[in-house]
Amino acid sequence: KAGVTQTPRYLIKTRGQQVTLSCSPISGHRSVSWYQQTPGQGLQFLFEYFSETQRNKGNFPGRFSGRQFSNSRSEMNVSTLELGDSALYLCASASDGYYEQYFGPGTRLTVT
Amino acid sequence: AQSVTQPDIHITVSEGASLELRCNYSYGATPYLFWYVQSPGQGLQLLLKYFSGDTLVQGIKGFEAEFKRSQSSFNLRKPSVHWSDAAEYFCAVGPKIQGAQKLVFGQGTRLTINP
């Protein structure tokens, strides 16, 4: 099976812009989670989608949002970018009924 | 609050030496426990997991971990490290609740291997 894929791998944006990141889970996986990784805060959970519904949410401002499509692919959107949003954004997928999460390679977002 | 502590930010060991990475957690009840590894510029790869049962779990790449409930610890071990083991290692916990896919990670331990 192909692994979790994320596009794009690298992104440079300007403060105030918005950005959309995409994640395609492992075939058959219906749960998609998003994490932010920064040197200062480490790995932090953003949110999780399951069957097109947000099922779990972390402690991030409303500027961070996501959605999931019927084919389980997920997108994450960050509006009004701030310098502090520069991070590696990781997507993980899991099979229904199983807890192991499988991570993609991440999207490196740089906000200037 | 749920938290995971990895006391060692950086560890250096010689190739062929044994390795132990420490992980302590604070949680309301015994959670699911995981170790992940991250190579530079890469995502996270699952090394092993503990859900229940035998407290010594085996993972990939020759790693094992031992769950000690009394110490709220889940330390990762390897008898003999290889240069390719140089990476960052993360301990993570998640609730034993169906549908609660939400991992809490430690800050990570960076492993350097001396030749």
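The values are calculated or read from the model by the stated rules, or taken from the named source; none is laboratory data. The model shown is predicted, which means the values in this text are computed figures rather than measured ones. Cβ: placed from backbone, ideal geometry, glycine included. Neighbour counts: every protein chain shown. The accessibility values were calculated without ligands, DNA or RNA, using every heavy atom of the protein model including side chains. Shrake-Rupley method; radii C 1.70, N 1.55, O 1.52, S 1.80 Å.
Could you list, in sequence order, all residues of segment B:91-102 that are open to solvent by less than 70 Å² (accessible area, probe 1.4 Å), under 14 Å from B:Lys49 (Cα atoms) and over 15 Å from the mean Cα position of the chain (by Cα)?
Selection gives B:Pro95 alone.
How about segment A:33-45: which of its residues are more than 9 Å from every other protein chain (Cβ to nearest Cβ) and under 28 Å from A:Asp96 (Cβ atoms)?
Correct list: A:Trp34, A:Gln36.
If we scan segment B:3-16, do we find a residue that is at pLDDT below 95 and surrounded by 18 or more Cβ atoms within 10 Å (Cβ to Cβ)?
No, segment B:3-16 contains no residue that is at pLDDT below 95 and surrounded by 18 or more Cβ atoms within 10 Å (Cβ to Cβ).
Examine segment B:38-45 for a residue that is touching a residue at least 12 places away in the same chain (Cβ under 8 Å), in contact with a strand residue (DSSP E or B) (Cβ under 8 Å, 6 or more places away or on another chain), of a type in the set (A, V, I, L, M) and more than 10 Å from every other protein chain (Cβ to nearest Cβ), and state whether such a residue exists.
Within segment B:38-45 (the criterion being touching a residue at least 12 places away in the same chain (Cβ under 8 Å), in contact with a strand residue (DSSP E or B) (Cβ under 8 Å, 6 or more places away or on another chain), of a type in the set (A, V, I, L, M) and more than 10 Å from every other protein chain (Cβ to nearest Cβ)), the answer is no, since none of the residues qualifies.
Of all the residues that make up segment B:78-108, how many are at the interface with chain A (Cβ under 9 Å from one of its Cβ atoms), of a type outside the set (Lys, Arg) and touching a residue at least 24 places away in the same chain (Cβ under 8 Å)?
The qualifying residues number 9.
A quick yes/no check of all residues on (1) open to solvent by 70 Å² or more (accessible area, probe 1.4 Å); (2) within 10 Å of the chain's Cα centre (by Cα); (3) not aromatic (Phe, Trp, Tyr):
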{"position": "B:Gly43", "(1), (2), (3)": "no, no, yes"}
{"position": "B:Asp54", "(1), (2), (3)": "yes, no, yes"}
{"position": "B:Gly62", "(1), (2), (3)": "no, no, yes"}
{"position": "B:Lys68", "(1), (2), (3)": "yes, no, yes"}
{"position": "B:Ser72", "(1), (2), (3)": "no, no, yes"}
{"position": "B:Arg77", "(1), (2), (3)": "no, yes, yes"}
{"position": "B:Ser80", "(1), (2), (3)": "no, no, yes"}
{"position": "B:Asp85", "(1), (2), (3)": "no, no, yes"}
{"position": "B:Tyr89", "(1), (2), (3)": "no, yes, no"}
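Just one of (1) touching a residue at least 40 places away in the same chain (Cβ under 8 Å); (2) open to solvent by 30 Å² or more (accessible area, probe 1.4 Å) trips up A:Gly62, so point out which.
All conditions pass for A:Gly62, except number (1).
Please go through segment A:50-90 and pick out each residue that is within 21 Å of B:Gln2 (Cβ to Cβ) and among the aromatic types (Phe, Trp, Tyr).
Of everything in segment A:50-90, those that are within 21 Å of B:Gln2 (Cβ to Cβ) and among the aromatic types (Phe, Trp, Tyr) turn out to be A:Phe50, A:Phe60, A:Phe64.
Restricting attention to segment A:96-112, report how many residues are assigned to a loop (DSSP other than H, G, I, E, B), open to solvent by 40 Å² or more (accessible area, probe 1.4 Å) and either more than 9 Å from chain B (Cβ to nearest Cβ) or among the charged types (D, E, K, R) (or both).
3
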